[in-house]
Structures are given as structure tokens and as C-alpha cells.
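Step one of this worksheet: look at the structure below.
The values are calculated or read from the model by the stated rules, or taken from the named source; none is laboratory data. Fair warning: this is a prediction, and the values are worked out from it, not measured in the lab. Note: accessible area is taken over every heavy atom of the protein model, side chains too, but ligands, DNA and RNA are not part of it. Shrake-Rupley method; radii C 1.70, N 1.55, O 1.52, S 1.80 Å.
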Amino acid sequence: PPPQTSPPPSSSSQSRAEASAAGDASGMSNGGAWQQSSTEVVDLRRKVEELEQIVRASASHSSSSKSVTQTPSSSQTQPHLQHLYADKQVEVQRMEAKLAELEEKHRRREQELQGLLSQTAGSKKKHDSDVHDKNKQIRQFRDEVEQMMIAIEAMRNDRSKASTPHKP
């Protein structure tokens, strides 16, 4: 078998890698479910790339075997390689479809989490505003109670002065 070199990434591989990088950067704090789906996506990407390499190697091997004079044994292996190539192509397509499905699921989950984050931020602002208003009401009530206590104390002092006999 020919030595396997890593082929340049296809445009679909590049766009998947870019989408993955963007997803990784935006969802780092989304928790375990996100990490699990990202791991699945990365594993599928690796498998797809491995299968693409095998398919390319098989294709280059089958094209080089065409240029060599065919012997009865090589003509028997030719259909086998073509069948192997077709099987690998089907498997690559199936894995790419699964990868696309996982990426779409990941994208939808990311949108859901962003929506929840927005709702939470709105709820927190409202809660903070409510707490601020209640604290303001409590301060006003305390001030009023303190003023009443001062007024009561002053009235007590006036009564005690009025009830105390004055000596000339």
C-alpha cells in the first residue's frame, strides 16, 4: 500500500473546522451536555478524515494499478478495490450526514442556551430593580419610625417637665 499522507482539508472539512472553532469559543461555559456533543462531533470528524484518506489511497492505488499491465490476479483485485472504494464512499457520506446532524443539533442547543441566558439576564435585572425598590421603601419606613420615636421622646420629656413641680 502507498504511504498515507494527510491530504489538504476539503472545503467542507474547513467549514466544519471553522464552525467547530466558533462553537468551541462561544460555548465554553455551557456545561457537560455541550462537551459530550462536542466530543461526538470531534470523534466523527476524525473518522470522516480517516475514511477520506483511505478512500483517496484506494483511489490512487486503483488508478496506478490500471497503468500496470494487468495479470489475472490483478484483474481479480480490481473489482474488490472498487467495491471497497464504494463501501468507503458510502460510509464517508453516512458519517458526514451524521456529522452535519450533530452540528445542527449543537447549533440549536447553543441558540437555546443563549435564549435562556438572555431571559436570565432580564430576570436578574428585574429582580435587582425590585430589591432596590424594596430597600428604598425600608429606608423610608425606618426614617419615619425614627422621626416618630424622636417625637414621642420629646412629648414624654415635655410631660415630665410639666408634671414636675417648680420650686421658686
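Restricting attention to segment 99-111 and to residues that are more than 10 Å from the chain's Cα centre (by Cα) and open to solvent by 90 Å² or more (accessible area, probe 1.4 Å), the residue that is nearest to Ser38 (Cα to Cα) turns out to be Lys105. The set of residues in segment 43-73 being open to solvent by 80 Å² or more (accessible area, probe 1.4 Å) and at pLDDT 75 or above consists of Arg46, Lys47, Glu49, Glu50, Arg56.
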